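The values are calculated or read from the model by the stated rules, or taken from the named source; none is laboratory data. It should be emphasised that the depicted structure is a prediction, and the values quoted were computed from it without experimental measurement. Cβ atoms come from the backbone with ideal geometry, glycine included; neighbour counts cover every protein chain shown. To get the accessible areas, we keep the full protein, side chains included, count just its heavy atoms, and leave off ligands, DNA and RNA. Shrake-Rupley method; radii C 1.70, N 1.55, O 1.52, S 1.80 Å.
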Amino acid sequence: MSEATRQVTEADRRPSTFPAHAFAAASATSGFRPLTIPRRSAGPQDVQIEILYCGVCHSDMHQVRNEWVSVMPTVYPCVPGHEIVGRVVKAGNAVKKFKEGDLAAVGCMVDSCRTCENCRAGLEVYCETPGGLILTYNGTDKYLGGVTYGGYSDSIVVDEAFVLRVSDKLSLAGTAPLLCAGITTYSPMRHWKVSKGQKVGIVGLGGLGHMGVKFAHALGAHVVLFTTSPNKVADGRRLGADEVVVSKNAEEVQKHAGSFHFILDAVSAEHDLNTYLSLLKRDGTMVLVGAPEKPLPVSSFALLFGRHSLSGSAIGGIRETQEMLDFCAEHNIASDIELIRMQQIDEAYDRLARGDVKYRFVIDMASLKS
Ligand SMILES: [Zn+2]
Ligand SMILES: [Zn+2]
């Protein structure tokens with residue numbers, strides 16, 4: 001085989017592409033600009049989705065601003081977005097779950113090794129194979145090379161194994177945040193079996209916390225929300241909390257000592273874990289789903305007395321994400337959102353950094369066309 005022939009073969013292995021409109025950050029400080037990106041043409045197992053809505057997650061901001069440089073350095077241009085809802089415009093000939101015109105969603109991952117113990121258990125997010133887990137953006141694009149581009153775009157092509165079915169019963173825009181904020185809070189509640197008759201604490205009322213309150217309430221628990229903001233008390237109750245405690249009031253917090261079966265800590269800023277650990281009942285568990293930049297000190301005593309557990313949880317697997325979406329359709333649960341135009345994204349990030357959103361920004365992708 002001649003050099004020339006071999007080169008042609010290599011190139012042939014790369015799928016053909018089509019151009020998609022997107023908004024991308026050129027650097028950590030550039031803000032967003034329109035950019036045309038290539039998407040692969042749908043292969044036999046692929047679903048091509050016209051993106052209608054994409055949620056704006058805290059992770060998007062951290063990634064764009066390269067704040068996770070030691071763990072996941074950002075490759076620019078960066079097109080974030082992993083709370084994607086849209087309509088199938090093309091389904092490959094081997095696709096079973098979807099047909100043209102169906103609603104569909106994509107969350108934080110677009111592929112994994114699919115063969116390791118965790119993948120086979122439906123826990124793809126914990127894929128053990130190095131490089132196996134492919135995140136929706138800033139991941140390794142094994143089809144086109146370079147990095148994957150996320151949902152701040154009018155189109156995405158994903159293997160059907162990583163595409164979720166979406167009910168038309170819920171607001172589509174309010175469904176988008178379920179793909180990250182939803183599954184991140186639902187998964188630990190299912191794993192630790194939150195149920196009727198239990199007392200559940202939710203710490204922090206933001207994008208994650210507000211979904212936590214809704215799920216804990218829907219699962220039948222007695223829900224106590226802890227928030228630093230007195231002006232979120234009424235909202236907390238509206239979202240489903242039975243009690244709302246302003247956490248700056250130490251006396252109010254201590255009234256709940258030793259009483260919780262389960263606490264979901266959704267705070268991503270520095271805060272005192274030990275106060276909340278002491279609120280657990282014997283054998284109670286506190287789960288962290290927020291990701292503060294710096295390590296947080298834990299007192300052994302807060303764990304020893306009461307045999308308390310401290311754990312963490314990341315997103316959720318594909319099977320459970322589908323279960324969560326079905327649960328939401330059944331219980332009429334969606335995210336409380338503020339719909340924005342793509343062009344407002346820089347302003348939205350500034351507001352997100354200040355915690356000024358109730359409770360998730362969602363981009364209306366129709367604005368990309370205007
Ligand atoms: Zn996210
Ligand atoms: Zn795996």
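When the criteria are applied in full, I202 fails the requirement of being out of contact with any Phe, Trp or Tyr (no Cβ under 6 Å at 6 or more places or on another chain), closer than 27 Å to A104 by Cβ and hydrophobic (A, V, I, L, M, F, W, C). The criterion of at least 1 residues that are open to solvent by less than 30 Å² (accessible area, probe 1.4 Å) and among the acidic types (D, E) is met by the following strands (runs of 3 or more DSSP E) wholly inside region 22-106: 46-56.
Among the residues making up region 119-135, those that are open to solvent by less than 40 Å² (accessible area, probe 1.4 Å) and away from ligand 1 (no atom under 16 Å from the Cβ) are C119, G122, C127, G132. Could you check region 190-208 and list, in sequence order, the residues that are crowded, with 24+ Cβ neighbours inside 10 Å and not in a loop (DSSP other than H, G, I, E, B)? If the condition is that a residue be crowded, with 24+ Cβ neighbours inside 10 Å and not in a loop (DSSP other than H, G, I, E, B), then V200, G201, I202, V203, G207, L208 are the ones that fit. Against the test of being without any contact (Cβ under 8 Å) to a residue 60 or more places away in the chain, in contact with a helix residue (DSSP H, G or I) (Cβ under 7 Å, 6 or more places away or on another chain) and polar (S, T, N, Q), the options S335, S367 yield a single qualifying residue, S367.
The residue of region 213-243 that is least open to solvent (accessible area, probe 1.4 Å), among those that are without any contact (Cβ under 8 Å) to a residue 60 or more places away in the chain and among the charged types (D, E, K, R), is K232.
Cβ-Cβ distances below 9 Å connect the following pairs, each with a first residue in region 120-133 that is in contact (Cβ under 8 Å) with a residue 24 or more places away in the chain, a second residue that is more than 9 Å from ligand 2 (Cβ to nearest atom) and aromatic (F, W, Y), and a separation of six or more residues or different chains: E124/F162. Here L164 qualifies as more than 16 Å from V56 (Cβ to Cβ) and either within 16 Å of ligand 1 (Cβ to nearest atom) or touching a residue at least 12 places away in the same chain (Cβ under 8 Å) (or both).
Of the helices (runs of 4 or more DSSP H) lying entirely inside region 224-302, those containing at least 2 residues that are within 24 Å of C180 (Cα to Cα) span 233-239. Checked against (1) under 30 Å from W68 (Cβ atoms); (2) touching a helix residue (DSSP H, G or I) at 6+ places or on another chain (Cβ under 6 Å); (3) open to solvent by 40 Å² or more (accessible area, probe 1.4 Å), L264 passes all but a single condition, namely (3). For region 276-304, what are the residues that are at pLDDT 95 or above, over 26 Å from G220 (Cβ atoms), open to solvent by 40 Å² or more (accessible area, probe 1.4 Å) and touching a Ser or Thr at 6+ places or on another chain (Cβ under 8 Å)? Matches in region 276-304: L303 only. Of L170, L178, L144, all but one fail to be under 19 Å from D326 (Cα atoms) and assigned to a loop (DSSP other than H, G, I, E, B); the exception is L170. Counting residues in region 171-180 that are within 16 Å of ligand 2 (Cβ to nearest atom), within 18 Å of the chain's Cα centre (by Cα), open to solvent by less than 10 Å² (accessible area, probe 1.4 Å) and not aliphatic (A, V, I, L, M) gives zero. Within region 319-345, the set of residues being open to solvent by 60 Å² or more (accessible area, probe 1.4 Å) and part of a helix (DSSP H, G or I) comprises R319, E323, D326, E330, H331, Q343, Q344. Taking each residue of region 95-119 that is under 21 Å from G55 (Cβ atoms) and away from ligand 2 (no atom under 15 Å from the Cβ) and looking for partners that are outside any helix (DSSP H, G or I) and acidic (D, E) with beta-carbon atoms closer than 8 Å, six or more apart or interchain, yields L103/D168; G107/E83. Looking at region 93-113, which of the residues that are among the basic types (K, R) and closer than 27 Å to Y152 by Cβ is nearest to ligand 1 (Cβ to nearest atom)? Filtering region 93-113 for residues that are among the basic types (K, R) and closer than 27 Å to Y152 by Cβ, the one nearest to ligand 1 (Cβ to nearest atom) comes out as K97.
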